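The values are calculated or read from the model by the stated rules, or taken from the named source; none is laboratory data. Predicted model, so just to flag it, every value in this text is computed and none were measured. Here the Cβ positions follow ideal geometry from the backbone for every residue, glycine too, while neighbour counts run over all protein chains shown.
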Amino acid sequence: MDDLSKTRAAEKIEDLRTQIRRHEHLYYVLDMPEISDAEYDELVANLRKLESQYPELITRDSPTMRVGGQVAPSFKEVKHITPLLSLGNVFSAEEVRDFASKVHSGLPEGTKVEYVVEPKIDGLACSLIYEKGRFVRAATRGDGTVGEDVTNNVRTIRSIPLTLQLAPGERAPELLDVRGEVYMPRRAFMRLNAERVAAGEPEFANPRNAAAGSLRQLNPQITEKRSLSFFAYAVGLGAQESHAESMEMLAKYGFRVSEGWQKAKNIEEVWQLIEKHEKVRASLAYDTDGVVIKVNTVWQQNMLGATGKDPRWAVAFKFPPEQAETTVEDIILQVGRTGVLTPTAVLTPVRLSGSTISRATLHNEDFIKEKDIRIGDRVVINKAGEIIPEVLWVVFEKRTGREKEFTMPATCPECEWPVVRREGEAASRCTNPHCPALGREGLIHFVSRDAMNIDGCGPAVINQLIAAELVKDPADLYLLQKEQLLNIERMGEKSAENLLAAIEESKKQSFDKLLFALGIRHVGAKVARILALQYGNIDTLRQASAEELSAIRDIGPKIAESVVSYFAVPSNQDLLYRLKKLGLNMEMKGIAGTDTSHPFYGKTLVFTGTMPTLDRATAQTMAQDVGAKVSGSVSKKTDYVVAGAEAGSKLTKAQELGVKVIDETEFMRLLQQ
């Protein structure tokens, strides 16, 4: 191969890539194709031919590299550069105005606030990382801090540029974190379901479920056939001075940004735009379930910060859900892992918001009495938050007199022990601490995706294992043998091997996942992560007092007492001992409890005031990730107070006690050591 022919080939390859990228942008982003599919396919074929002749000229961002042939064994976990926050929901004009009031109260008096309103696409949040203009990684939201690496699948989405479009002479940002929504257009959803019906496979319930299933395919070639698309709606790292400027930058870089986004000078204009979006939502090519309202100016966003996983500077207004009428065929009881009896309505199946509904929770006895719901009633249902089926009201004019009233039983349907309802509580509980339902539901929770994520061990398998007397508690799962599993109905050799492999793999789950899996009352995924980061390992956490736990930000007295009570129970102590002996992860490896040389390791930090660039939730997570403890109050045990603008009484107390006070710059300097 002579240098001249290689040089010409390189020029031709780059010219073809430029043409293909331009036509992909016109077709998939702007919906303005200039050439036919056949002409586009010819360009790609010519590029593939040249690249096969000169494989050393193939680059990772070439249009021919969108779809890989390798099937991944699983999805790796990746940590987001900055937290991928979720949104709180509002449902009325009054709540929208209340959101605006909270925004103004969180900013200096007299601050003018501008908003951006954009449609809320019903899909899956995703983070895209670009290094020096080239796409390198994609991750799902996950728990907001850690998501799943879906890079190979996202590469197949042609509305996502593999290389940023730059003006002549323009330098690409060193690092850009693009946030957006992966979704399935309605037309692609209908085509996919038609294909599944023809193949004898079950239909997807709605486009969002179809998009989720397609994005999590282990084979990227299957994802590529599902016609997914992407709307960019924010910048996590590399944002401009306003959200509107960030959206304009994303569009310039070649992204498809949320259609119809507009700025609003005040909350009255925000409401007008909400009404406008609701009128046109049915005519769109994709599903929307509301609009997102964001404070436009970034310094105002930073000052407002976040509470938990929800930013104070943005909120989702959810459109009123669809409704349907059906019949209550029966009311059954389900006993949860805490012993609570939850009544559930068995409904005549009815289509609602893209899925078939046959059951709806009735919450508790008071809910049934308040709405006067009887077996045989005609009722109107919707999906609360567009997800959970809920009974709205009874159609009393359609009663026939044959309907039956429901009463909460005096004994548990699982074990026949007495059922009690404590004063001041709406829940009725089984009094048997060893009720089979508690163990069953606890096991189902333990193996669930957000907990230990044991694939292939759903409720049906758990029920079979319990019925065969193979498991009573989580530790028993790790003692299962292949020969035992083969005696279970419909459990073949391959299924047994896969289940045992998944159980063994779950031992690698992080400490916070295990802590959540234990099912400690009031300890959800977020609280479990806070506790795991704060204490680093199970032994340190077990020694914590309720008073010490209550001092941690986001950990109240009720949670603190629940945690202390859990570790005081002998059977729980025995379970933890067995799980530890079986090799489960009881410490935050690689985060807290390992890098003892870090300046913040084992130190107690308190954050107060508003920092120039970091919101408080992000700063706290950064500190906890290197082994620091974060407290909500200043005491003699406090090592550092990180103070921003308008720091109040905590700063004063720190000065009185002689606690070291640092600013954001010093915090970041120490953090990076």
**Message:** So in region 305-356, with the set limited to residues that are more than 30 Å from residue 425 (Cβ to Cβ) and charged (D, E, K, R), which one is surrounded by the most Cβ atoms within 10 Å (Cβ to Cβ)?
**Reply:** 312
**Item:** Sole exception among (1) out of contact with any helix residue (DSSP H, G or I) (no Cβ under 7 Å at 6 or more places or on another chain); (2) buried (at least 18 other Cβ atoms within 10 Å of the Cβ); (3) closer than 21 Å to residue 296 by Cβ; (4) at pLDDT below 90 for residue 78, by number
**Value:** (3)
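Residue-by-condition table, conditions (1) assigned by TED's automatic domain parsing to the domain that holds residue 365; (2) assigned to a loop (DSSP other than H, G, I, E, B); (3) of a type in the set (S, T, N, Q):
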{"residue": "392", "(1), (2), (3)": "yes, no, no"}
{"residue": "415", "(1), (2), (3)": "no, yes, no"}
{"residue": "419", "(1), (2), (3)": "no, no, no"}
{"residue": "429", "(1), (2), (3)": "no, no, no"}
{"residue": "443", "(1), (2), (3)": "no, no, no"}
{"residue": "446", "(1), (2), (3)": "no, no, no"}
**Request:** Test residue 264 against the stated conditions and say whether it is assigned by TED's automatic domain parsing to the domain that holds residue 103, of a type in the set (Gly, Ala, Ser) and surrounded by fewer than 18 Cβ atoms within 10 Å (Cβ to Cβ).
**Result:** no
**Prompt:** In region 471-480, which residues are over 30 Å from the mean Cα position of the chain (by Cα) and under 14 Å from residue 496 (Cα atoms)?
**Reply:** 479, 480
**Message:** Quick check on residue 179: is it within 21 Å of residue 356 (Cβ to Cβ) and surrounded by 22 or more Cβ atoms within 10 Å (Cβ to Cβ)?
**Reply:** no
**Prompt:** Of all residues in region 115-158, which are at pLDDT 90 or above, in a loop (DSSP other than H, G, I, E, B) and surrounded by fewer than 21 Cβ atoms within 10 Å (Cβ to Cβ)?
**Reply:** 132, 133
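Could you tell me whether any residue of region 627-634 is farther than 25 Å from residue 241 by Cβ, basic (Lys, Arg) and at pLDDT 90 or above? Before the answer, list the steps.
Pass one, region 627-634, residues farther than 25 Å from residue 241 by Cβ: 627-634.
Imposing the further condition that a residue be basic (Lys, Arg) reduces the set to 629.
Filter once more, so that each one left must be at pLDDT 90 or above: none.
Taking every residue of region 627-634 in turn, none turns out to be farther than 25 Å from residue 241 by Cβ, basic (Lys, Arg) and at pLDDT 90 or above.
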**Fill in**
Just one listed residue, out of 637, 650, is part of a helix (DSSP H, G or I), more than 32 Å from the chain's Cα centre (by Cα) and under 24 Å from residue 549 (Cβ atoms), and it is 650
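For residues in region 416-438 being β-branched (Val, Ile, Thr) and within 19 Å of residue 362 (Cα to Cα), which is surrounded by the fewest Cβ atoms within 10 Å (Cβ to Cβ)?
If we take residues in region 416-438 being β-branched (Val, Ile, Thr) and within 19 Å of residue 362 (Cα to Cα), then 420 is surrounded by the fewest Cβ atoms within 10 Å (Cβ to Cβ).
How do the helices (runs of 4 or more DSSP H) wholly within region 496-549 filter down when requiring 1 or more residues that are loosely packed, with under 14 Cβ neighbours inside 10 Å: which remain?
Values: elements: 511-517, 525-535, 538-542.
Correct list: 538-542.
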**Asked** For region 210-242, what are the residues that are in contact with a strand residue (DSSP E or B) (Cβ under 9 Å, 6 or more places away or on another chain), more than 30 Å from residue 302 (Cβ to Cβ) and not in a loop (DSSP other than H, G, I, E, B)?
**Response** 211, 212, 214, 215, 229
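Of all residues in region 448-464 being aliphatic (A, V, I, L, M) and in a loop (DSSP other than H, G, I, E, B), which is nearest to residue 529 (Cα to Cα)?
Kept after step one, since they are aliphatic (A, V, I, L, M), are these residues of region 448-464: 451-452, 454, 460-462.
Right, trim to in a loop (DSSP other than H, G, I, E, B) and you get 451-452, 454.
Numbers: 451: 12, 452: 14, 454: 19 Å.
Checking each candidate, the answer is 451.
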